[in-house]
1. What do you reckon, is GLY174 closer than 30 Å to TRP18 by Cα and among the small types (Gly, Ala, Ser)?
2. Of the residues TRP214, TRP139, which is of a type in the set (A, V, I, L, M, F, W, C), within 30 Å of VAL270 (Cα to Cα) and open to solvent by 40 Å² or more (accessible area, probe 1.4 Å)?
3. Residue by residue through region 73-100, note down the ones that are open to solvent by 50 Å² or more (accessible area, probe 1.4 Å), closer than 15 Å to LEU131 by Cα and assigned to a loop (DSSP other than H, G, I, E, B).
4. Given the criterion assigned to a loop (DSSP other than H, G, I, E, B) and among the polar types (S, T, N, Q), identify the matching residue among THR212, THR178, THR228.
5. Please go through (1) exposed (fewer than 14 other Cβ atoms within 10 Å of the Cβ); (2) modelled with pLDDT of 95 or more for GLY165 and return the number of the only condition it doesn't satisfy.
6. Those residues that are closer than 21 Å to ASP70 by Cα and either free of Cβ contacts under 8 Å to residues at least 40 places away in the same chain or open to solvent by 60 Å² or more (accessible area, probe 1.4 Å) (or both), I need them from region 142-161; list them, please.
7. Taking region 31-41 as the region of interest, how many residues are open to solvent by 10 Å² or more (accessible area, probe 1.4 Å) and in contact (Cβ under 8 Å) with a residue 60 or more places away in the chain?
8. For region 181-206, which residues satisfy the criterion of being assigned to a loop (DSSP other than H, G, I, E, B) and small (Gly, Ala, Ser)?
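The values are calculated or read from the model by the stated rules, or taken from the named source; none is laboratory data. Computed from a predicted model, the values in this text were never measured in an experiment. FYI the Cβ positions are ideal-geometry reconstructions off the backbone, even for glycines, and counts take in every protein chain you see. Calculation scope for accessible area: heavy atoms of the full protein, side chains included, ligands and nucleic acids excluded. Shrake-Rupley method; radii C 1.70, N 1.55, O 1.52, S 1.80 Å.
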Amino acid sequence: MNCDYQPIKEGEKWGEEWESAWFHLTGEVPSEWQKTTIAAQLDFSGEALIFDQEGCPIYGLTNGSVFDADYHKDIYRLFEPCHGGEKVDLWVEASANVLFGINQHGDPQPDDPKVHGHFDAMLNQAKLVILDETVRALWLDLQVLNDLMLFLPKESVRRAKILRGINLAIDAYGNDRTNAEASRAILQELSATPANASDMKVIAVGHAHIDTGWLWPVRETIRKCARTFASQISLMERYPDYVFGASQAQHYLFTKQHYPELYEKIKKYVKEGRWEIQ
């Protein structure tokens, strides 16, 4: 099917609720960025799926989550490191909905014709960026420890130690990114310290629960399978020890029918014992 493509700028609207659109993004890494990690920062308002040049899904994106107001999965690594001058050519399919369907603020008014919610899909960001891996890791360390601290009892000694450690790490950083490693060292010592010497060791297996038909049309479930599974394979390629598991035979069938190249990748990791059929 032939499509008519139109230019679009950041801040412009591309669709409404439940619509989808294809984006063809091209660019070139500046020569002065050599020896840095280059990523694409992409935010299409809803969910999105990046494809390689052969049409195989390679990474899923979302601009938010109901579980964390500050969460944005909008970074896709491209060159680690770059030489400068690399060409960028990405195909992205975006969907005008979020993780839980349509993000609706409150119940609709009785006279609202859009009784199932409204969604304006905007191109919020589409740019090449330099990814400072150390600062990003520091941010993740802070986020994990801060979340842990907030869930501990207020009178907990461990909570007090984490709070003190976070403050020390902030002081060590001193608004200077060259101090990120020193700041991380303080946090990593906190992370490596168990709450109690007798605590159990836990091994976790990645899993994604996908509803086949809930707050979205089934056609969106098919896309959700591709976004989810492609992202897990990306993690497996990056982290050799990572193990993922998925259930629901129907979701595997969706993937086999609509994304055969991705399905073959799943079979490969099943044979390696890194993808569990649950």
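1. no
2. Step by step, each of TRP214, TRP139 is checked, and only TRP214 is of a type in the set (A, V, I, L, M, F, W, C), within 30 Å of VAL270 (Cα to Cα) and open to solvent by 40 Å² or more (accessible area, probe 1.4 Å).
3. GLU80, PRO81, HIS83
4. THR212
5. Only one criterion in (1) exposed (fewer than 14 other Cβ atoms within 10 Å of the Cβ); (2) modelled with pLDDT of 95 or more is unmet by GLY165, namely (1).
6. Result: GLN143, VAL144, ASN146, ASP147, LEU148, MET149, LEU150, PHE151, LEU152.
7. Qualifying residue count for the region: 4.
8. The answer is ALA195, ALA197, SER198, ALA204.
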